[in-house]
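Colleague: One structure coming up, written as structure tokens, with questions to follow.
We did not get these values from a lab; they are worked out from the coordinates using the rules stated. From a predicted model like this one, the values you see are computed outputs, not experimental measurements. Note that each Cβ is placed from the backbone with ideal geometry, even for glycine, and that neighbours are counted across all protein chains shown.
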Amino acid sequence: MIIEFSAEEEMLRQQVRRFAQEKILPLTAKVEETENVGPQLVKMMGEQGLYTIFIPEQYGGVGLKVVSICIVREELCKVSSQADLAFTYGGLGTYGITYAGNEQQKKKYLPRVVKGEMVGAFALTEPSAGSDVAAMRTTARREGDYYVLNGEKIFITFSDVAKFWLTFAKTDPTKGRKGISLFIVDVPTPRAEMRRFPIIAGLPEISLIFTDCKIPRENLVGAEGDGWDIALGATLNTFRITVGAAALGMAEAAFAEAYRYAQKREAFGQPIGYYQAIQLKLADMATEIEAARWLVYRAAYLRDKGVPRNLKMASMAKLFATEVAGRVTDEAVQIHGGYGLCKEFKVERLFREARMPRIYEGTSEIQRLTIARELMKRGIED
Ligand SMILES: Cc1cc2nc3c(=O)[nH]c(=O)nc-3n(C[C@H](O)[C@H](O)[C@H](O)COP(=O)(O)OP(=O)(O)OC[C@H]3O[C@@H](n4cnc5c(N)ncnc54)[C@H](O)[C@@H]3O)c2cc1C
């Protein structure tokens, strides 16, 4: 079995690397964790043509390409997590429309996303419904030409930059997961508010509060009850592979920092990289990164080929790569000693950032449950 990137994919990687070094780093390096440069980044992503890989051809894109998305996320994450978010929400925040939206909705939003004029946010999680999505309490009650939304969403990343929020709510609370529907909430909409709160890494996270918030009926995506399939079947099963790629980028960046530091930091008269205890750490880190790279790109390749049973591979890729990023960034801090905890050193930020992907888009435990469920259902053959 050979996994090879096409000439086009190699070019994309080089393009993103150059873009990240020449344009993103000068913008984000000093303000990565203090200023939200999201809107500028969205514009820059559009100018670079990067959103095309999320969007179908008839709306100005080149069609969904998961391998390409992984390449971009891997490269951006080495340089700036804000840039990674700005890129990702062009896809995660719009895929519900691409997958299930009607012609009018696609024409209204997708061409503007391609140009970098707007991205969306993905509003699924609630204070009392994270892993257990079907327990969501936000409701959408039909009233004439409107739906009236009531409820709260939490951890809705990038919703302060997004121009619309793909918001999941129950149109029929008696039907469990089958009662979930998807709505486009344009920003701003009266009685839809944001509340920011600090988290471990960088910019704050955001809650969305809907209080008798009226949404036009034409903003329903798909049919009532389609929300579960759009959120989990279509969107998360695709995008969690790319979370693996983002984690891979973080791990690679931390490894590079640790490798360089080990060559120059001296202890007991020689560089610490001469000591076998440090070399073995580097060997483990390099091996795990290589294994994660194969798993992520194999899952992405299978997704692009439309191979069935991608569920198991997608979860394996996300689980393994994000856990590797946790271990590698931790060891990178260890190799830096006390300096690994100082903000001037890049590994400090990578260590905090790498803690997040093990939680969002399905925790590591939920990925294991998915893998186990697929194994029980389909056996061990494929
Ligand atoms: C940085 C960040 C960004 C995020 N961005 C978004 C976003 O843009 N949009 C969005 O909708 N959400 C977002 N989320 C929310 C994220 O998807 C949830 O936090 C995640 O799904 C877990 O839900 P929870 O936090 O409620 O934890 P819980 O579901 O309460 O889980 C708590 C613990 O219990 C475990 N657990 C739960 N159920 C089981 C089970 N059946 N078996 C074994 N263990 C279990 C979990 O794995 C976890 O360890 C984001 C979260 C973070 C941290």
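Colleague: What is the ratio of the Cα radius of gyration of the stretch 121-225 to 2.2 N^0.38 Å, with N the residue count, to two decimals?
Modeller: 1.01
Colleague: Just from its helices, what would the mean residue ellipticity at 222 nm be for the chain, if runs of 4 or more DSSP H residues each count -39500 (n - 2.57) and the sum is divided by every residue, rounded to the nearest 500 deg cm²/dmol?
Modeller: Only helices count here, giving -15000 deg cm²/dmol.
Colleague: May I pose another question? When a footprinting reagent is the concern and you count Cβ atoms within 10 Å, what order do 377, 175 take, fewest first?
Modeller: Result, fewest neighbours first: 377, 175.
Colleague: Scan around residue 214 for amide H atoms under 5 Å from its own, H built in the peptide plane at 1.01 Å from N, and keep only partners 5 or more places away or cross-chain.
Modeller: Counting only residues 5 or more places away or on other chains, the set is 149.
Colleague: Which whole-number percent is the relative contact order of the stretch 214-350 (Cα, under 8 Å, 6+ apart)?
Modeller: It comes to 33 percent, rounded to a whole number.
Colleague: Can you tell me what the convex hull of the Cα atoms of the stretch 47-177 projects to on average, as an area in nm²?
Modeller: Reported value for the Cα convex hull: 9.0 nm².
Colleague: According to the square roots a ≥ b ≥ c of the eigenvalues of the Cα gyration tensor, what is the shape class of the stretch 1-106, taking rounded for a/c under 1.5, prolate for a/b larger than b/c otherwise, and oblate for the remainder?
Modeller: On the way: a/c = 2.15, a/b = 1.20, b/c = 1.79.
Oblate, since a/c reaches 1.5 and b/c is not below a/b.
Colleague: What are the ³J(HN,Hα) couplings of the stretch 170-180, residue after residue, when phi is run through the Karplus curve with 6.51, -1.76, 1.60 and θ = phi - 60°? Round to Hz, x for glycine and proline.
Modeller: After applying 6.51 cos²θ - 1.76 cosθ + 1.60, I find 8, 8, 9, x, 7, 9, x, 4, 6, x, 8 Hz.
Colleague: Give the residue list of GluC sites (Glu not before Pro) in the stretch 283-382 that are DSSP loop and have at most 14 other beta-carbon atoms within 10 angstrom.
Modeller: Passing sites in the stretch 283-382 are 344, 381.
Colleague: Can you give the FRET efficiency to the nearest 0.05 for residue 279 and residue 31, using r as the Cβ-Cβ distance and R₀ = 51 Å?
Modeller: Working from the Cβ atoms, E equals 0.90.
Colleague: Give the long-range amide H neighbours of residue 138: residues separated by 5 or more places, or on another chain, with amide H under 5 Å away, using H modelled in the peptide plane at 1.01 Å from N.
Modeller: Those lying under 5 Å, H to H, from residue 138 are 152, 170.
Colleague: Among the helices of the chain (complete DSSP H runs), which have Cα atoms covering no less than 27 Å along the helix axis and a Kyte-Doolittle mean of at least -0.5?
Modeller: Both cut-offs are met by 237-264, 276-305, 310-335.
Colleague: For the pairs 115/312; 115/178; 43/65; 65/175; 163/318; 175/214, flag any whose C-alpha to C-alpha distance is greater than 32 Å.
Modeller: Listed pairs above 32 Å: 115/312; 115/178; 65/175.
Colleague: Then there's this: Mind listing the phi-derived Karplus ³J(HN,Hα) values for the stretch 130-138, rounded to whole Hz, using 6.51, -1.76 and 1.60 with θ = phi - 60°, and x for any glycine or proline?
Modeller: Values per residue, Gly and Pro as x: x, 4, 8, 4, 5, 7, 4, 10, 5 Hz.
Colleague: On to the next question. So if the hydrodynamic radius of the stretch 169-309 is defined as the Kirkwood radius over C-alpha pairs, what does Stokes-Einstein give as its diffusion coefficient at 25 °C and 0.890 mPa s, in µm² per second?
Modeller: Translational diffusion coefficient: 124 µm²/s.
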